């Protein structure tokens, strides 16, 4: 008999391996979407901020691991924000200060989140780089389209008659 006559039966992957791969794909997609959204900030709160706040909360509930190497970053960023709160007591006009402190705290938690996620899964660096490049190219193309008034409403992507793209921050 030849080897062709004996077909090999494909072995099914164990459910735990399938689940692990599925979780990895979902996590990568969630990170990629978050990075793509970072280039699109027209008004506050930006879709990126809302999405990332939810993503950080969900990831924290389902096992965000903060390694010992990241703890100093977390401590220093929280201490900086506490210093900002203390400095706020010396200000005469407090109108916008709480918003700035909230944004600073959000950005600190975002930094810790990305540091934690990439320390566990270094393969995300490539995905993050590609998503940043795609986001930058897309928002710059929108800025160019706005500059040339390529479509109705394109002026939203300009600022002072210059190309601004979708990042108006």
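Within the range 160-169, being touching a helix residue (DSSP H, G or I) at 6+ places or on another chain (Cβ under 6 Å) and in contact (Cβ under 8 Å) with a residue 60 or more places away in the chain holds for 165, 166, 167. Quick check: is even one residue across the range 140-159 surrounded by 19 or more Cβ atoms within 10 Å (Cβ to Cβ), in a helix (DSSP H, G or I) and touching a residue at least 24 places away in the same chain (Cβ under 8 Å)? The answer is yes; a qualifying residue exists. Tallying residues that are under 24 Å from residue 32 (Cα atoms) and part of a loop (DSSP other than H, G, I, E, B) within the range 70-93 yields 1. The sole residue among 157, 109 that is in contact with a helix residue (DSSP H, G or I) (Cβ under 9 Å, 6 or more places away or on another chain) and outside the structural domain of residue 38 (by TED's automatic domain parsing) is 109.
The values are calculated or read from the model by the stated rules, or taken from the named source; none is laboratory data. The shown structure was predicted, so the numbers you read here are calculated from the model rather than taken from an experiment. Reconstructed Cβ throughout: ideal geometry from the backbone, glycine too, with neighbour counts over all protein chains shown.
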